[in-house]
Amino acid sequence: MAESMKGLKRTHRCTEVSAANIGETVTVMGWVQKSRNKGGIIFTDLRDRSGLLQIIFEGSDIGEDGFAKAEKIRSEFVIAVVGKVEKRGGAQNDNLITGDIEIRATQLRILSEAETPPFPIETDSKTKEELRLKYRYLDLRRPDLQKNLRIRSEITMKMREYYAANGFLEIETPILGKSTPEGARDYLVPSRVHPGTFYALPQSPQLFKQLLMCSGFDRYMQLAKCFRDEDLRADRQPEFTQMDLEMSFVDVDDVIAVNEGAIQKIFKEILDVDVKLPIDRMTWQEAMDRFGSDKPDLRFGMELKDVSELVKNCGFGVFTGALENGGSVRGINVKGQAEMPRKKIDALVEFAKGYGAKGLAYLSVQPDGTYKSSFAKFMTEDELKALVAAMDGEKGDLLFFAADKNKVVWDVLGALRIEVAKQLDLIDPAAFRFLWVTEFPLFEWSDEENRYKAMHHPFTMPMEEDLELIDTDMGRARAKAYDIVLNGTELGGGSVRIHQNDVQEKMLEKLGFTKEQAYEQFGFLLDAFKYGVPPHAGMAFGLDRLVMLMVKADSIREVMAFPKVKDASCLMTEAPGAVDDKQLEELEIKLDLKEE
């Protein structure tokens with residue numbers, strides 16, 4: 001039978017009690033981690049969000065009724081204990097903050113009983129994630145998840161402090177907005193008051209924060225909830241949180257400088273890690289050429305090398321065919337792996353096919369200086385020697401090559417580089433390697449839609465020297481856009497925005513909007529530009545990703561309280577779910593579902 005607190009007040013969390021409190025009477029409350037009856041004395045580990053504390057129940061202190069009650073407690077019972085702090089009678093537990101003390105109970109109240117949980121509440125749980133997410137409220141009792149969420153809270157507090165100290169105002173923007181094309185799919189919300197119309201949940205506060213700059217607020221920030229109806233993976237969720245900001249009268253260097261300061265403060269104050277400023281910068285083109293990725297992991301080498309010029313006249317049709325089709329031939333050097341078993345090489349070839357490769361050519365430089373290769377018979381000895389030299393190959397090295405369109409070659413070798421580094425344990429898990437990637441392409445070609453799309457969004461300012469390319473060679477135009485990358489993960493990104501009405505209209509025209517369509521979708525922004533708009537720029541950090549990398553979690557699900565799974569459903573609440581006919585009638589919606 002559960003009891004009430006009956007006027008009891010908690011005096012300390014579990015690990016707030018220390019040797020300094022020996023001799024004092026305290027009141028602690030929490031969950032029973034485990035309880036052991038040693039015959040006449042019961043040892044109980046009490047847990048709250050701060051950690052564990054040992055409680056001792058003995059009949060001479062708590063009385064017969066109290067001891068009988070203590071015999072009933074089981075794991076996950078919620079209890080309140082009044083008792084005296086003592087030095088531990090037995091051996092100290094150096095693994096616990098409270099390992100040198102214990103509480104000798106004089107009073108016990110069982111505040112809530114508990115059934116046996118479906119899995120143990122313990123750090124580094126081996127329970128399947130699906131079961132843990134179904135009972136997420138139990139999963140969240142685990143100390144490692146509680147630590148992650150505590151650190152997340154500290155990070156957001158430090159960010160707010162930093163941006164406020166640097167003149168930013170926190171301003172909330174709407175959740176119910178207008179659906180706009182260009183970008184991921186929107187989550188739509190039907191309107192009851194305006195039948196047949198829909199709001200969209202924001203993919204970002206982009207247009208509103210630009211309007212705030214038009215309104216003269218100068219520096220804005222917000223912890224913004226964002227929603228994107230797209231396929232999920234380890235670092236992506238249908239709803240996520242951005243640390244969002246925008247600044248007026250600034251250029252690229254100003255935005256980068258203020259955000260480097262934020263990164264430096266957070267990493268120092270949360271992890272005691274010194275981030276050296278300025279953070280390195282690299283253009284998008286250099287990142288793709290050297291690492292095959294616009295979010296390169298700099299914790300190890302194995303950089304790509306372009307050998308197109310060297311093999312353009314060789315006898316290997318795979319190489320020459322790719323070059324004739326406007327592609328390239330590039331490779332990576334896996335040092336010291338010439339004797340990698342054929343089975344492993346074949347597995348890497350299959351891995352590469354998953355990223356669009358038709359195959360993967362390889363050449364190993366044997367310890368005796370001879371070559372083993374999938375293509376050696378198509379090339380002369382001199383050509384092979386020149387190729388190995390161009391790859392900085394030495395005896396014992398294994399070279400992989402991809403030949404295709406640039407995008408495929410980059411994707412394949414960029415992914416292969418990471419996979420090989422993981423397999424060979426080349427990545428220092430303790431390192432934090434930051435990088436700014438700058439000068440992204442303004443547009444990217446979509447084979448699916450057979451047209452150019454904005455690589456970031458339609459409001460991104462072109463590099464001034466590339467303005468004329470918008471009309472003459474869209475594919476070569478660069479943007480004043482920048483991403484912050486950490487250990488091969490994009491942490492955030494932003495750009496200088498277009499603030500001239502004619503440039504904005506031109507950008508939308510090139511993306512396929514007629515003037516009427518542009519005003520139908522973005523009229524409120526284009527109209528605002530007629531009334532004096534300052535040059536402005538901004539960016540957003542993915543808060544979930546930042547926390548994930550700081551706590552070394554494998555997935556952002558480990559740093560969110562109630563995440564969803566890969567099909568965007570919640571296993572705990574079973575959302576999304578059906579609604580009753582009355583709700584649909586009020587919205588004037590009739591379902592016409594296809595039979596599966």
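Summary table below
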quantity: Prolate/oblate/rounded call for region 1-49, Cα gyration tensor, a/c under 1.5 rounded; calculated: oblate
quantity: Ordering of 236-243, 548-555 by packing [mean C-beta count within 10 Å, highest first]; calculated: 236-243, 548-555
quantity: Residue-by-residue Karplus 3J(HN,Hα) for region 382-390, coefficients 6.51, -1.76, 1.60, Hz, glycine and proline x; calculated: 5, 5, 5, 4, 5, 5, 4, 4, 5
quantity: 0 to 90° range, to nearest 10: angle between helix 143-165 axis and the chain longest Cα axis; calculated: 60
quantity: Simple spin-label estimate for ARG342 and ASP229 in nanometres, 7 Å along Cα-Cβ; calculated: 5.1
quantity: Ellipticity estimate at 222 nm from DSSP helix runs (n ≥ 4, -39,500 (n - 2.57)) divided over the chain, nearest 500; calculated: -9000 deg cm²/dmol
quantity: Cα centroid separation, region 280-296 to region 437-493 (Å); calculated: 14
quantity: Per-residue HN-Hα couplings for region 104-112 [Karplus 6.51, -1.76, 1.60; θ = phi - 60°; Hz; x = Gly/Pro]; calculated: 8, 6, 10, 8, 9, 10, 8, 7, 7
quantity: Cross-link reach list, lysines versus LYS515, counting only Cα pairs under 24 Å and skipping chain neighbours closer than eight places; calculated: LYS178, LYS209, LYS453, LYS506, LYS530
quantity: Convex hull volume per residue for region 248-297, taking Cα atoms only, in Å³; calculated: 98
quantity: Accessible area per residue in Å² at 1.4 Å probe, computed on region 454-594; calculated: 49
quantity: Peptides ranked, highest mean first, by Cβ atoms within 10 Å: ranges 511-518, 270-277; calculated: 511-518, 270-277
quantity: With every protein chain in place, the chain: carbon and sulfur % of accessible area (1.4 Å); calculated: 49
quantity: The chain: angle of helix 59-70 to the longest principal axis, Cα-based, in degrees nearest 10; calculated: 60
quantity: Protection-proxy order for peptides 435-444, 493-502, each taking the mean of Cβ atoms within 10 Å per residue, highest first; calculated: 435-444, 493-502
quantity: For ARG451, residues with placed amide H under 5 Å, excluding near neighbours; calculated: SER446
quantity: Selected from VAL28, GLN583, MET247, residue furthest toward positive end of dipole (the chain; charges at beta carbon); calculated: VAL28
quantity: Debye, to nearest 20: dipole size of the chain, +1 on Lys, Arg Cβ, -1 on Asp, Glu Cβ; calculated: 1880
quantity: Rounded Å value of the spacing that divides the Cα centres of region 380-409 and region 148-185; calculated: 46
quantity: Hits among lysines - C-alpha to C-alpha of LYS312 under 20 Å, sequence gap 8 or more where chains match; calculated: LYS358, LYS377, LYS385, LYS405, LYS407
quantity: Segment ASP124-VAL189, extension gain: residue separation times 0.36 nm, minus the distance between their alpha carbons; calculated: 19.5 nm
quantity: Long-range amide H partners of THR460 with built H, under 5 Å; calculated: ILE498
quantity: Positive-end residue, the chain charge dipole about Cα centroid, Cβ charges, pick of SER569, VAL551, GLN264; calculated: VAL551
quantity: Amide proton proximity set for ALA568, modelled H, under 5 Å, gap of 5+; calculated: none
quantity: Net lengthening on full extension, ALA164/GLU595 (0.36 nm per residue, minus Cα-Cα); calculated: 149.8 nm
quantity: Orientation-averaged projected area, Cα convex hull of region 322-458 (nm²); calculated: 11.0
quantity: Whole-Å semi-axes of region 483-564's equivalent ellipsoid (Cα gyration tensor); calculated: 37, 15, 12
quantity: Residue list for region 17-53, given a label point 7 angstrom along the Cα-to-Cβ vector of ASP100 and an amide N cut-off under 12 Å; calculated: 18-22
quantity: Between region 535-596 and region 501-517, the alpha-carbon center distance in angstrom; calculated: 32
quantity: In Hz, Karplus ³J(HN,Hα) per residue of region 488-500 (6.51, -1.76, 1.60; θ = phi - 60°; x = Gly, Pro); calculated: x, 10, 6, 8, x, x, x, 6, 6, 9, 6, 10, 9
quantity: Folded to 0 to 90 degrees: helix 252-271 orientation relative to the chain principal axis, Cα; calculated: 30
quantity: Cα pair distances of region 441-545 binned at 10 Å [whole percent]; calculated: 14, 42, 34, 10, 0
quantity: Mean shadow area of the chain over all directions, Cα convex hull, nm²; calculated: 37.1
quantity: Size of region 385-522 as Cα extents on the principal axes (Å, biggest first); calculated: 63, 36, 29
quantity: Chain lengthening between LEU271 and ASP144 when straightened (0.36 nm per residue, less Cα-Cα); calculated: 44.1 nm
quantity: Convex hull per residue volume in Å³, alpha carbons only, for region 218-364; calculated: 218
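The values are calculated or read from the model by the stated rules, or taken from the named source; none is laboratory data. Bear in mind that the values here come from a model prediction, so they are computed numbers and not experimental data. Cβ sites come from the backbone with ideal geometry, for glycine too, and all protein chains shown count toward neighbours. Areas reflect the complete protein model, heavy atoms only, side chains present, ligands, DNA and RNA absent. Shrake-Rupley method; radii C 1.70, N 1.55, O 1.52, S 1.80 Å.
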